[in-house]
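Each remark here refers to the structure printed beneath this line.
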Amino acid sequence: MRNSIHMRKGFGSLFGCALFVATLSFPQFVEAEVLIDPQLDCVLTRGFMTEVRTTKSVRGIKQTAHRTHLSAGEELPVFLLGNPDLAQLAQLGIELKTRAGRVSTATISPDVISRLTQVDGLEAIRLARYTKPLLDVSVPAVQADHVRELMKDDWTGHTGEGVVIGIIDSGIDTTHPDFQNPDGSTRIAYYWAQGDDFGPPPSIGYGSEWDAAAINASAVTKPDDIGHGTHVAGIAAGNGRATGGGEDPYRFPGLAPEATIIMVATDFREDHLVDAIDYIFDKALAMGFPAVVNMSLGTQAGPHDGTAAVDQAIDALSGSGKMVVAAAGNEGNDRIHAEITLAPAEEDSASLSAVYFPANPDTTFNFFNVEGYYDRSADLCVTVVTPGGARFGPYELGAVQADTLTGEGTLFLSHADPDPLGDTFQVIIEISDTETFEGPSVPPANGVWQFVFSNKGTSSAEVDLWMPLAFPMTANWTDQG
């Protein structure tokens, strides 16, 4: 028996889950071979969706969760896996945004899901998730200052000239001197704000887009309200012209001070990240430049083995002259992963310590969730033990779904079969608010929540557990068993 808690660096499967959707009134799924992940499974049982919003706070960057009831007219962001018949998709009113190998981005109405599962060539549907901003790098740390040099106003060496630096983040301060040439013209070739509706939209059909001429004409309507994207862009491609505080100009340049910049201001939703990568590569190709796309963002959701839909899409879009990099290291000291190894007929547990903080007035949903991944040959059950000692389960993984009031929070459990990109089963356990009819909802209980797994099979089994989301709580795996 082995029960271990891991503190791991990086972004894991790169992107994260924060959009939960459900409804009690939409049509039931018909029998089909198309696989649907646990998040979309919520569509049949819960009746609401949760949007994650990223804003600036006095302590840095803040993310809050907002729950709204799902209506038939709303659209859900998804990845469609396989090679679905385009004509059949068009009959359902579905248009693919980005196609990356066997992964495509799209938005769908909940009331077409049952018919969507009958589309020829479609293998699986995955709900798109949210990520969060990350960054932990500096120019001296990677010794970039050793490969180029500034002589007066002229750079020599490896400066990024003739290369596109694409950045997907919160936006950019287009007036900042670090992103301007010595004559004051912009170094930003294109700026696409995915959530802005005030400027001209790009060919993909949503958001606002400005080229260099529009930026020079001060036509941009989307500032970087958070500042994270401007910060990242300065490290990646700032030229140091704005150095102040008594220091000479160009004292603090970025890694590639003469690169051409393309910025995409995103809402941190992973399907939009894939659209952004494709957009940057297309623009760079038209300019005749190679491109490096930086994403200082991530999450701990997903199987962490490269089989997540967003991982596969990035692999398909990357290639010669097209590279994607991401931040790593911000969560190196966090207890984000637990691993349980079970012999046949053995039982063991992992414990998670959760502390609730009073929500801000604009936060309407309090929860944390656990994602577990295990081999398709395993035969497992899980029991959830609340901080007060109440036990719920055992639930047979792969066979049951739970939506239970525990008295200390609402327990929701869902599962999914392996999809065409991976070879593991997935279970999601969410602990959230308890709704009341006479006042505000009651947040989950503080304390230690236990997840007890038992192996009913005849061979050893391993479960990897990740804790990608908690709003507005802190939750970390502990050594308690």
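Rule-based calculations on the coordinates, nothing more; no lab input. Predicted model only: the values in this text are computed from it and were never measured. Cβ coordinates were reconstructed from backbone atoms using ideal geometry, including for glycine residues, and neighbour counts include every protein chain displayed.
Report, by chain and number, residues whose modeled amide H sits under 5 Å from the one on THR424, excluding near sequence neighbours (fewer than 5 apart, same chain).
ASP419
Lys and Arg at +1, Asp and Glu at -1: add these up for the other residues within a Cβ distance under 11 Å of ASP375 and post the number.
-3
If you average the sequence gap of Cα pairs under 8 Å that are 6 or more apart and divide by the length of the stretch 180-256, what percent do you get for the contact order?
After rounding, I find 19 percent.
Around LEU317, under 15 Å between beta carbons, what's the net of Lys plus Arg minus Asp minus Glu among the other residues?
-2
Apply 1/(1 + (r/R0)^6) to the Cβ-Cβ distance of VAL442 and GLU74, taking R0 = 35 Å, and write down the FRET efficiency to the nearest 0.05.
My answer for the efficiency is 0.85.
What ³J(HN,Hα) values, in whole Hz, does the Karplus curve 6.51 cos²θ - 1.76 cosθ + 1.60 give for the stretch 292-298 when θ = phi - 60°, with x put for Gly and Pro?
Per residue, the Karplus-derived 3J(HN,Hα) values read 10, 9, 9, 10, 8, 7, x Hz.
What is the sum of charges, Lys and Arg at +1 and Asp and Glu at -1, for the other residues whose Cβ falls under 11 Å from the Cβ of VAL220?
Summing Lys/Arg as +1 and Asp/Glu as -1 gives -4.
Given H placed on each backbone N at 1.01 Å, which residues far from VAL324 in sequence or on other chains put an amide H within less than 5 Å of it?
VAL293
Residue by residue, what Karplus-based ³J(HN,Hα) values in Hz, rounded to whole numbers, does the stretch 275-285 have, using 6.51, -1.76 and 1.60 with θ = phi - 60° and x for Gly and Pro?
4, 5, 4, 4, 4, 5, 5, 5, 5, 5, 4
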